[in-house]
Amino acid sequence: MNFPSEEIFEYIEQLTPEEPEILKKLDRETNLNVLMPNMLTGHVQGRFLAFMSRILRPKRILEVGTYTGYSAICFAEGLKEGGVIHTIDINDELEEIALRYFKEAGLQDIIKRIQGDALEIIPTLEGKYDLIFLDADKENYPNYLPMLKKRLAPDGLLMIDNTLWSGKVLDPAHSGDKETQGIQKLNKMVAEDPELESFLLPLSDGITLVHWR
Ligand code: SAH
Ligand code: CA
């Protein structure tokens, strides 16, 4: 299932600004050399993330799920001077490519990649974040939500990726795989939490925007 239809997506893509050369290169290299390249954010969604970051001008960004670094580099476009991005990934095989691209983008001192299991790392982080992007293991999305709430600044924005999961969220609850179940549960938790206000955007694979009421 595509959101929106392929024709509308192509139309949006034509109207979307080009991505910087370095992101095109990272997209190509990821597709050639890395497993599961469809996890990479890509052109249209990447421009949306950069746009949101440029509007919000966050000083501190937390990303859960770096992969090869595409989305982190997009978020850096809007980062306030002197700001920092912490991005966590469990897969050490992805470290070399991500760090190489952060360096090539001149962001090696701004984006700090933290190696390890985000479920263990997030509780050890200090301070709050103005912008948080959740894009790691979907089966644990319900476990990440309370942790990330604690890390979200009062005016901060939490963005959760893949909340439509190629339409699999329509499967009856508990009938799907662990990842689908995780996303279904997360979507319900977010919508029903009286402390949170949220909106599920049907862009790409579904992006939910969450902030404090
Ligand atoms: N944000 C990236 C894509 C992330 S793909 C982009 O848009 O380009 C999801 C990533 O989450 C993978 O790289 C995977 O290694 C990582 N991941 C999975 N489980 C994790 C965990 N428990 N802790 C940290 N990272 C995890
Ligand atoms: Ca994603």
Notebook entry, point to check: How high is the FRET efficiency from residue 211 to residue 117, r the C-beta distance, R0 30 Å, rounded to 0.05?
Noted result: 0.70
Checklist line | Solvent-accessible surface (1.4 angstrom probe) belonging to residue 211, in square angstrom, nearest 10 | finding: 70
Notebook entry, point to check: Which GluC sites (Glu not before Pro) from the stretch 1-39 combine a DSSP loop assignment with at most 12 other Cβ atoms within 10 Å?
Noted result: 18
Checklist line | Ranked order, 92, 193 - accessible area, probe 1.4 Å, largest first | finding: 92, 193
Notebook entry, point to check: Full extension from residue 108 to residue 189: what is 0.36 nm times the residue separation minus their Cα-Cα distance, to one decimal in nm?
Noted result: 25.6 nm
Check: Rounded to the nearest 0.05, what FRET efficiency do residue 91 and residue 143 have when you use their Cβ-Cβ distance and R0 = 25 Å?
Finding: 0.85
Note to self: If you filter the stretch 1-107 for trypsin sites (Lys or Arg not before Pro), then keep DSSP loop positions with at most 14 other Cβ within 10 Å, what is left?
What the structure shows: 80
Margin query: For the chain, give me the percentage of DSSP beta bridges that are antiparallel, rounded to the nearest 5 percent.
Written below: 35
Next item on the list: Taking amide H positions as placed in the peptide plane 1.01 Å from N, state which residues far from residue 201 in sequence (5 or more) or on other chains have amide H under 5 Å from it.
Entry: 207, 208, 209
Next item on the list: Please give the residues of the stretch 194-213, grouped as numeric ranges, whose backbone N is less than 18 Å from a label point set 7 Å along the Cα-to-Cβ vector of residue 5.
Entry: 202-204
Note to self: With θ taken as phi - 60° and the coefficients 6.51, -1.76 and 1.60, list the Karplus ³J(HN,Hα) couplings across the stretch 188-193 in order, rounded to whole Hz; mark glycine and proline as x.
What the structure shows: 5, 4, 5, 5, 9, 6
Next item on the list: Count charges around residue 38 for me, please; just the other residues with Cβ under 12 Å from its Cβ, Lys/Arg as +1, Asp/Glu as -1.
Entry: -2
Check: With the Cα gyration tensor of the stretch 152-200 giving a ≥ b ≥ c as the square roots of its eigenvalues, does the rule (a/c under 1.5 for rounded; else a/b larger than b/c for prolate; else oblate) give rounded, prolate or oblate?
Finding: prolate
Margin query: Below 8 Å between Cα atoms, with a sequence gap of 6+, how large is the relative contact order for the chain in percent?
Written below: 18
Next item on the list: Check each of the GluC sites (Glu not before Pro) in the stretch 94-161 and keep only those in coil by DSSP with at most 15 other C-beta atoms within 10 angstrom; list them in order.
Entry: 126
Check: Mind listing P(r) for the chain? All alpha-carbon pairs, 10 Å bins, whole percents.
Finding: 8, 35, 40, 16, 1
Next item on the list: Tell me which residues come under 5 Å, amide H to amide H, from residue 196 once H is placed; ignore anything under 5 positions away on its chain.
Entry: 213
Next item on the list: For the stretch 140-145, take each phi angle, set θ = phi - 60°, evaluate the Karplus expression 6.51 cos²θ - 1.76 cosθ + 1.60, and give the result in whole Hz per residue in order, putting x for glycine and proline.
Entry: 9, 3, x, 7, 6, 3
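The values are calculated or read from the model by the stated rules, or taken from the named source; none is laboratory data. Owing to the predicted nature of the structure, the values given are computational and were not obtained by experimental measurement. Note that each Cβ is placed from the backbone with ideal geometry, even for glycine, and that neighbours are counted across all protein chains shown. To get the accessible areas, we keep the full protein, side chains included, count just its heavy atoms, and leave off ligands, DNA and RNA. Shrake-Rupley method; radii C 1.70, N 1.55, O 1.52, S 1.80 Å.
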